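> Below: one structure in structure tokens.
The values are calculated or read from the model by the stated rules, or taken from the named source; none is laboratory data. Fair warning: this is a prediction, and the values are worked out from it, not measured in the lab. In this analysis, Cβ positions are derived from the backbone assuming ideal geometry, glycine residues included, and neighbour counts consider all displayed protein chains. For the accessible areas, the whole protein counts, side chains as well, though only heavy atoms, and no ligand, DNA or RNA atoms are used. Shrake-Rupley method; radii C 1.70, N 1.55, O 1.52, S 1.80 Å.
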Amino acid sequence: MHTLPQQLANGLFIGSMYGLIAIGYTMVYGIVQLINFAHGEIYMTGAFGALAVYTNLPSGTSIWLALPLMLIGGGIVSVLIAVGAERFAYRPLRNAPRLAPLITAIGLSLALQQAVFLWYPGGDNGKRFPQLPGGPYHIGSVDIQSGDIFLIVAAVVCMVALATFVRTSRTGRAMQATAQDPDTAQLMGIDTNRIIVIAFAIGGFFAAVAGVASGLKYGQVKFDIGFQAGLKAFTAAVLGGIGNIYGAMLGGLVLGIAESCASAYISNIPGMEQLGGGGWANVWAFVLLIVVLLVRPQGLLGERVADRA
Amino acid sequence: MSALLEVDNLRVAYGKIEAVKGISFAVEAGQVVTLIGTNGAGKTTTLRTLSGLLKPVGGKVVFDGKPLTRVPPHKIVALGLAHSPEGRHIFPRLTIEQNLQLGAYLRKDSAGITQDMQRAYDLFPILGERRKQAAGTLSGGEQQMLAMGRALMSQPKLLMLDEPSMGLSPIMMQKIMATIVELRAQGTTILLVEQNAQAALSLADQAHVMEVGTIKLSGTGHALLHDDEVRKTYLGED
Amino acid sequence: MQHRSLLILTSVLATGALTLTACGSRSNDNKSNGGGGSSSSSSSNTTVVIGVDAPLTGANSATGLGIQYGVQIAVDDANAKNLVPGVTFKVKALDDKAQPATGQQNATALVADNSVIAAIGPLNSGVAQSMQQVFASANMVEISPSNTNPTLTQGKDWATGNKVRAFKTYFRTATTDALQGGFAADYAYNTLKKKDAFVVDDKQTYGAGLAGIFKGKFSGLGGKIAGTDHVNTGDTDYSTLVTKIKNSHADMLYYGGQYDESELITKQLKAAGVNIPLMGGDGMFSDTYIKTAGKAAEGDLATSVGVPVTTLPAAKDFISTYKSKGYPGDYGTYGGYSYDAATAVIKGVKAIMDANSNKLPAMTDARSQLVDAVQKSDFDGIAGHVSFDQYGDTTNKQLTVYQVKSGAWAPVKSGTYNG
């Protein structure tokens with residue numbers, strides 16, 4: 001068990017990434033009750049946007065100079081796609097039956113994936129992503145890579161910035177109001193369409209940050225990384241209580257750590273040898289989800305629906 | 001001289017079912033006008049249409065000289081029309097203070113906002129005592145006070161109140177009605193929708209009785225209060 | 001209004017998605033002369049189509065394209081040299097995206113096309129399982145240049161010595177994992193002097209089979225298995241696995257699977273400071289592996305079937321043609337075997353026609369006669385001698401261990417292995 005600190009750290013890193021992506025799901029759901037299943041692809045396109053920026057910088061550009069530009073470039077791509085999806089795909093369907101935007105989201109997801117696959121130069125295979133120099137760093141028995149440090153810092157900065165924005169700014173308050181009661185929010189003079197666009201934009205930007213973090217961490221991006229990451233992040237959002245931004249981050253961390261520990265230790269339990277290991281990580285992630293939802297159907301930090309309205 | 005609000009032959013439908021079938025009335029500045037009628041008469045639908053939440057299928061609404069029928073709700077608020085909706089609809093997970101601040105969402109004059117907030121606390125002292133408390137923890141009557149206070153925060157030219165007395169204890173109801181009287185005295189123009197016809201008529205300058213989407217009877221509050229038909233149907237007297 | 005825009009939007013999106021998906025399949029559908037090869041005509045030119053099924057896009061596509069163009073060059077050579085007088089060969093390549101279900105659809109499509117006489121492919125053993133029955137029912141020859149799972153030819157009980165050939169239409173020019181896994185274990189234990197191996201696989205037919213054989217052979221030689229684990233294809237985060245390996249103090253990692261995962265594993269392993277070599281089978285023997293893993297790949301090993309195509313004198317022309325035509329993909333692994341597989345079909349067609357007074361019988365007859373003709377193949381191909389044993393396996397049991405040296409795969413040991 002002396003690997004436990006390291007496995008917890010592993011879970012924490014991957015969990016922060018799930019959390020960053022999950023915020024996009026949860027914000028949009030909180031405000032328009034829409035599951036934007038194309039969100040995983042927004043994460044993927046953000047990573048590719050950042051890579052495109054890097055590729056077009058003069059060779060030899062320091063990564064520390066490139067990184068902010070990559071975040072901006074990836075952010076612009078993700079935000080434009082997220083906002084475009086809202087404006088042209090989801091808004092016309094706002095009063096349609098729930099199934100219509102869901103199917104649209106799946107279609108959009110396929111279209112984005114195939115678009116990168118076809119049109120990004122060399123996009124049909126893994127693309128190398130620049131990596132941060134230095135590392136691994138040792139804290140006690142735990143090794144930390146440079147990419148992990150970026151990921152943790154990015155997650156903390158994003159989370160604190162978002163919490164501050166929602167709590168203290170006028171728009172943040174309007175956002176809370178729209179989430180709690182969209183009709184009445186309009187009666188306050190809030191342009192709810194604008195708030196919805198902002199929610200998509202913030203979610204898109206966070207997804208791009210996660211995309212860049214993933215590229216730095218794994219040194220590679222691929223057109224199909226959005227599907228699994230999106231699915232895990234959605235699970236994290238539901239686990240934490242969909243609609244709650246803190247829940248999304250918490251859900252991500254819990255999910256990451258649970259996956260990591262399950263694949264590391266379950267096979268050590270006598271009689272469970274066949275059910276452990278990395279191949280079963282996804283299964284245990286969903287077992288955890290089911291157990292949590294049985295005990296707390298609203299998720300870890302979610303309000304009961306009766307509290308709404 | 002045109003009225004502050006003019007409603008001309010307004011028609012509103014939910015799908016194929018017409019809920020408001022061509023009603024016309026006006027609200028003069030400084031007046032309290034009330035719409036009374038049974039459940040389903042179309043009173044709430046009328047208010048929701050005036051504030052832009054519903055789109056009419058026909059007719060005209062002119063507020064302060066400007067047509068309203070194609071204007072989105074958040075811009076209607078900016079024109080000076082505030083709506084305190086049926087069922088109060090306060091934001092339960094925000095504090096009382098934040099709810100009031102949202103009422104002043106479109107205003108930029110922070111000094112004026114602070115002043116009006118104080119005015120709301122003077123009007124409803126209980127709100128001032130609990131300003132940092134989540135609005136969802138308030139009692140029904142207190143929530144109603146908050147909803148009214150919130151609507152006033154936009155400095156409306158016309159305040160629309162939908163069923164302010166619904167579900168309240170008699171004491172609380174009296175308190176709300178007293179507040180309306182007080183607001184009228186301060187010169188606030190009010191369009192009041194009420195099921196409690198007795199209370200509404202006794203403080204209204206002008207009143208309209210709605211029945212299945214039409215205005216059946218109009219007159220001063222005093223006249224309708226003493227109308228035999230109204231007494232029989234809405235005031236429960238034989 | 002609301003409904004109309006909904007409808008328009010949904011259709012536009014759906015069409016968009018479908019169009020893109022369709023483009024994505026990039027199938028090189030060379031229009032075949034409908035029914036041109038179907039009847040025994042005495043006309044001077046009959047067109048015979050050789051089908052290809054491989055992943056041409058997405059995962060494994062670099063090696064998949066190597067198969068497609070390996071066959072293409074064989075066909076071009078045969079046409080240019082007029083190897084079978086009166087017959088023009090063509091290629092019809094279908095993309096299976098490395099997915100069994102797609103492979104099965106492709107097999108059905110090839111069987112239904114009356115101008116197709118035989119098929120080359122697929123790349124993946126898992127895909128092959130779904131296709132074998134389709135070809136067997138149609139009596140159509142299928143030659144895989146790369147399937148290495150022993151069960152495909154020898155049945156599921158092969159390991160216990162109870163070998164049964166289930167499909168007489170299935171052949172392969174690549175040798176099996178039974179040899180590859182053992183060859184790797186032998187090299188790791190005896191040459192590299194590794195004593196503690198951590199064994200990981202991707203739970204797929206190919207990967208799990210390979211890892212299982214390596215494990216058995218390595219411990220049989222006296223090595224220790226420091227630990228085992230499984231991963232999912234498509235995973236990107238292997239930090240948990242890396243921590244386990246680090247903690248196990250293994251001196252090597254054996255991975256049964258494809259380069260898509262192993263390139264990430266080796267990178268994350270080395271980044272964590274675990275400088276032990278990753279060894280795998282031919283599934284990761286691809287330039288993409290080195291390109292993506294970068295420096296982390298240095299020193300890693302892969303076994304592959306046959307001897308390196310670049311060292312074979314007979315393959316010189318093939319390589320120069322491949323390069324001069326600028327074909328995409330990676331011919332290094334299976335290009336030569338694909339060429340030889342196609343040549344076996346072409347020679348088979350010639351044998352049928354020789355026995356039938358230079359005419360090609362009706363396609364159904366031609367297909368079934370080709371099964372016997374291919375079984376009797378006996379010629380020197382560009383990647384070695386081509387002939388098949390009673391199970392449809394190649395008799396060419398040469399294998400090579402490659403190692404990444406200065407950013408390229410370099411052969412370090414070739415040899416024959418018989419278990």
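> Could you please let me know if A:S267 is farther than 30 Å from A:P121 by Cα and open to solvent by less than 10 Å² (accessible area, probe 1.4 Å)? Spell out the reasoning first.
Details: farther than 30 Å from A:P121 by Cα: yes; open to solvent by less than 10 Å² (accessible area, probe 1.4 Å): no.
So A:S267 does not fit the description; no.
> In addition: From (1) within 30 Å of C:E298 (Cβ to Cβ); (2) surrounded by 14 or more Cβ atoms within 10 Å (Cβ to Cβ); (3) over 20 Å from the mean Cα position of the chain (by Cα), pick out the condition that doesn't hold for C:V349.
So the condition that C:V349 fails would be (1).
> Would you mention how many residues in the stretch A:91-102 are open to solvent by less than 30 Å² (accessible area, probe 1.4 Å) and either within 15 Å of A:F227 (Cα to Cα) or more than 7 Å from every other protein chain (Cβ to nearest Cβ) (or both)?
Adding up the residues that qualify gives 1.
> Additional query: Could you grab me the full set of residues in the stretch C:399-419 that are of a type in the set (V, I, T) and either open to solvent by 30 Å² or more (accessible area, probe 1.4 Å) or modelled with pLDDT under 90 (or both)?
Applying the first criterion (of a type in the set (V, I, T)) to the stretch C:399-419 yields C:400-401, C:404, C:412, C:416.
Residues satisfying the conditions are C:V412, C:T416.
> Still on this structure, please answer the following. Go through (1) in the same structural domain as C:P277 (by TED's automatic domain parsing); (2) under 15 Å from C:V141 (Cα atoms); (3) of a type in the set (S, T, N, Q) one by one and return the number of the condition C:Q375 breaks.
(1)
Each row is one residue, and each column tells you yes or no for (1) closer than 18 Å to C:D202 by Cα; (2) within 12 Å of chain A (Cβ to nearest Cβ).
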residue	(1), (2)
C:T233	yes, yes
C:V242	yes, yes
C:N247	no, yes
C:A250	no, no
C:D260	yes, yes
C:I290	no, yes
C:A296	no, yes
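> Also, I was wondering about something else. Of the conditions (1) in contact with a helix residue (DSSP H, G or I) (Cβ under 6 Å, 6 or more places away or on another chain); (2) at pLDDT below 50, C:A62 clears all except one; give me its number.
Looking at each condition in turn, C:A62 falls short on (2).
> So, one more: Would you check which residues across the stretch A:115-147 are among the aromatic types (F, W, Y), open to solvent by 30 Å² or more (accessible area, probe 1.4 Å) and either within 11 Å of another protein chain (Cβ to nearest Cβ) or not in a loop (DSSP other than H, G, I, E, B) (or both) and list them? If you could, list the steps in order and put the result at the bottom.
Within the stretch A:115-147, the first condition is being among the aromatic types (F, W, Y), and the residues that meet it are A:117, A:119-120, A:129, A:137.
In the following step, the residues that additionally are open to solvent by 30 Å² or more (accessible area, probe 1.4 Å) were identified as A:119-120, A:137.
Correct list: A:W119, A:Y137.
> Looking at (1) over 17 Å from A:G252 (Cα atoms); (2) among the hydrophobic types (A, V, I, L, M, F, W, C); (3) touching a residue at least 24 places away in the same chain (Cβ under 8 Å), find the lone condition where A:L162 falls short.
Status for A:L162: all satisfied but (1).
> In the list B:L224, B:L191, which residue meets the criterion of being of a type outside the set (S, T, Y) and either exposed (fewer than 14 other Cβ atoms within 10 Å of the Cβ) or in a strand (DSSP E or B) (or both)? Show your work before the answer.
Values: B:L224 fails: either exposed (fewer than 14 other Cβ atoms within 10 Å of the Cβ) or in a strand (DSSP E or B) (or both).
B:L191 is the lone residue from the list that is of a type outside the set (S, T, Y) and either exposed (fewer than 14 other Cβ atoms within 10 Å of the Cβ) or in a strand (DSSP E or B) (or both).
> A:A105: more than 10 Å from chain C (Cβ to nearest Cβ), in contact (Cβ under 8 Å) with a residue 24 or more places away in the chain and part of a helix (DSSP H, G or I), yes or no?
no
> Among the numbered criteria (1) among the aliphatic types (A, V, I, L, M); (2) free of Cβ contacts under 8 Å to residues at least 12 places away in the same chain; (3) more than 13 Å from chain C (Cβ to nearest Cβ), which one does A:L275 miss?
(3)
> Does any residue in the stretch C:235-261 that is assigned by TED's automatic domain parsing to the domain that holds C:G64 come within less than 7 Å, Cβ to Cβ, of a residue that is open to solvent by 20 Å² or more (accessible area, probe 1.4 Å) and at pLDDT below 95 six or more places away or on a different chain, and which pairs are these?
Nothing qualifies.
> Only one residue in C:A355, C:A314 is of a type in the set (A, V, I, L, M), touching an Asp or Glu at 6+ places or on another chain (Cβ under 8 Å) and open to solvent by 20 Å² or more (accessible area, probe 1.4 Å), so which one is that? Please lay out each step first, then the result.
Details: C:A355 fails: touching an Asp or Glu at 6+ places or on another chain (Cβ under 8 Å).
When all the criteria are applied, what remains is C:A314.
> Checking C:G329 against (1) more than 18 Å from C:K168 (Cα to Cα); (2) free of Cβ contacts under 8 Å to residues at least 24 places away in the same chain: exactly one of these is not met. Which one?
The one condition C:G329 does not meet is (2).
> Scan the stretch C:293-311 for residues that are open to solvent by 10 Å² or more (accessible area, probe 1.4 Å) and not aliphatic (A, V, I, L, M) and report the count.
So the count comes out to 6.
> Anything in the stretch B:163-182 that is open to solvent by 50 Å² or more (accessible area, probe 1.4 Å) and either within 11 Å of B:L123 (Cα to Cα) or among the acidic types (D, E) (or both)? List them, or say none.
B:K175, B:A178, B:E182
> Determine whether the stretch B:50-71 contains at least one residue that is within 19 Å of B:M148 (Cα to Cα), touching a His at 6+ places or on another chain (Cβ under 8 Å), crowded, with 17+ Cβ neighbours inside 10 Å and polar (S, T, N, Q).
Yes; the residues of the stretch B:50-71 include at least one that is within 19 Å of B:M148 (Cα to Cα), touching a His at 6+ places or on another chain (Cβ under 8 Å), crowded, with 17+ Cβ neighbours inside 10 Å and polar (S, T, N, Q).
> Only one residue in C:G234, C:G256 is within 23 Å of the chain's Cα centre (by Cα), more than 19 Å from A:Y265 (Cα to Cα), surrounded by fewer than 23 Cβ atoms within 10 Å (Cβ to Cβ) and among the small types (G, A, S), so which one is that?
Numbers: C:G256 fails: surrounded by fewer than 23 Cβ atoms within 10 Å (Cβ to Cβ).
Every option except C:G234 fails the conditions.
> Name the pairs whose Cβ atoms lie under 6 Å apart, with the first residue in the stretch B:161-178 and under 11 Å from B:A199 (Cα atoms), the second buried (at least 21 other Cβ atoms within 10 Å of the Cβ) and among the hydroxyl-bearing types (S, T, Y), and 6 or more positions between them or separate chains?
Qualifying pairs under 6 Å: B:M173/B:S165; B:I176/B:S165.
> Any idea which residue in the stretch B:10-34 is nearest to the chain's Cα centre (by Cα), counting only those that are open to solvent by 10 Å² or more (accessible area, probe 1.4 Å) and of a type in the set (S, T, N, Q)?
Of everything passing the filter in the stretch B:10-34, B:Q31 is nearest to the chain's Cα centre (by Cα).
> Among the residues of the stretch A:58-70, which ones are touching a residue at least 12 places away in the same chain (Cβ under 8 Å) and open to solvent by 40 Å² or more (accessible area, probe 1.4 Å)?
The answer is A:L69, and nothing else.
> Ok, one more. Applying the selection to the stretch B:81-100, what residues are surrounded by fewer than 24 Cβ atoms within 10 Å (Cβ to Cβ), more than 21 Å from B:L192 (Cβ to Cβ) and at the interface with chain A (Cβ under 7 Å from one of its Cβ atoms)?
B:P92, B:R93, B:L94, B:Q98
> Could I ask something else about it? Spot the failing condition for C:A197; the list is (1) assigned to a helix (DSSP H, G or I); (2) away from every other protein chain (no Cβ under 14 Å); (3) in contact (Cβ under 8 Å) with a residue 24 or more places away in the chain, and only one is missed.
C:A197 satisfies all of (1) assigned to a helix (DSSP H, G or I); (2) away from every other protein chain (no Cβ under 14 Å); (3) in contact (Cβ under 8 Å) with a residue 24 or more places away in the chain except (1).
> Given the condition more than 30 Å from C:F198 (Cβ to Cβ), more than 14 Å from chain C (Cβ to nearest Cβ) and of a type in the set (A, V, I, L, M), answer yes or no: does some residue in the stretch A:253-264 qualify?
First, pick out the residues of the stretch A:253-264 that are more than 30 Å from C:F198 (Cβ to Cβ): none.
No: zero hits.
Here's the yes/no breakdown for (1) touching a residue at least 24 places away in the same chain (Cβ under 8 Å); (2) within 19 Å of C:Y331 (Cβ to Cβ); (3) surrounded by fewer than 23 Cβ atoms within 10 Å (Cβ to Cβ):
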residue: C:V49; (1), (2), (3): yes, no, no
residue: C:P55; (1), (2), (3): yes, yes, no
residue: C:G66; (1), (2), (3): yes, yes, no
residue: C:N79; (1), (2), (3): no, no, yes
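> Now a separate question. Could you list, in sequence order, the residues of the stretch C:205-231 that are open to solvent by 30 Å² or more (accessible area, probe 1.4 Å), under 21 Å from C:E263 (Cβ atoms) and more than 14 Å from every other protein chain (Cβ to nearest Cβ)?
Result: C:T205, single match.
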